[in-house]
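First comes the structure, then the notes that go with it.
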Amino acid sequence: MEQWYVLKVKSGYEKKVVQGLSKMNMQVYCPIVKEVRIWSDRKKTIETPLIKSYVFIKCSEKNRPLAFSVHGVERYLYWLGKPAIVREEEITVLKRWTEDGAVEDVAYTSLQPGDRATIQRGLLKDQVAIVRHVGRTRVSLVLEDMGIVVNARLREVV
């Protein structure tokens, strides 16, 4: 009986692994979303995996080892000592989310300390601030007019 398993792949190899496994006539799925990447001189929409470094593969237990013949495959994900199995309904939900655009676009910015930024959401919407610190998902902003420091999620700031 074929089931959906989760493959851990090298970072950035998701699409290559999908292509390699597809050439072997294996059923494989990697949910893809569109992201807006922002640089100082332009914006670009790119397609990127929803779940970084993971790919879903549907195969029988005896065919699981065949996946390791594709460059970029590292290992299977395990749960309680057994290969993690994903229900068909969960794959269907992921497909629906990505096909319907239900997953919110993710925007990455290249903010640097000292940059001026505008808050896009929440109580402080449209306030201009100076970037004090940039983390992976959050940014610290100084609102000079109000004399306060605000911590915000990157998606709320431009």
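The values are calculated or read from the model by the stated rules, or taken from the named source; none is laboratory data. No experiment lies behind these values; they were computed from the predicted model shown. A quick note on method: Cβ atoms are made from the backbone with ideal geometry, for glycine too, and the neighbour counts reach across all protein chains shown. The area values use the complete protein model at the heavy-atom level, side chains included, leaving out ligands, DNA and RNA. Shrake-Rupley method; radii C 1.70, N 1.55, O 1.52, S 1.80 Å.
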Tally Lys/Arg at +1 and Asp/Glu at -1 over every other residue whose Cβ is under 15 Å from the Cβ of Gln19; what's the total?
+2
To the nearest 10 degrees, how steeply does helix 88-100 sit against the main Cα axis of the chain, on a 0 to 90 scale?
40 degrees
Where trypsin sites (Lys or Arg not before Pro) fall in DSSP loop in the stretch 46-96, at most 14 other Cβ within 10 Å:
Lys52, Arg87
Whole-Hz Karplus couplings 3J(HN,Hα) for the stretch 61-70, θ = phi - 60° and coefficients 6.51, -1.76, 1.60, Gly and Pro as x, run 4, 6, 8, 4, x, 4, 4, 6, 7, 9
Calculated SAXS-style log₁₀ I(q)/I(0) at q = 0.20 Å⁻¹ - the chain, Debye, Cα scatterers
-1.16
Heavy-atom accessible surface of the chain: percent carbon and sulfur, 1.4 Å
51 percent
Keeping all protein chains in position, work out how much accessible area Arg153 exposes to a 1.4 Å probe, and write it in Å² to the nearest 10.
100 Å²
When only C-alpha pairs under 8 Å and at least 6 residues apart count, what is the relative contact order of the chain, in percent?
23 percent
Can you give me the C-alpha center-to-center distance between the stretch 82-101 and the stretch 61-76, rounded to a whole angstrom?
20 Å
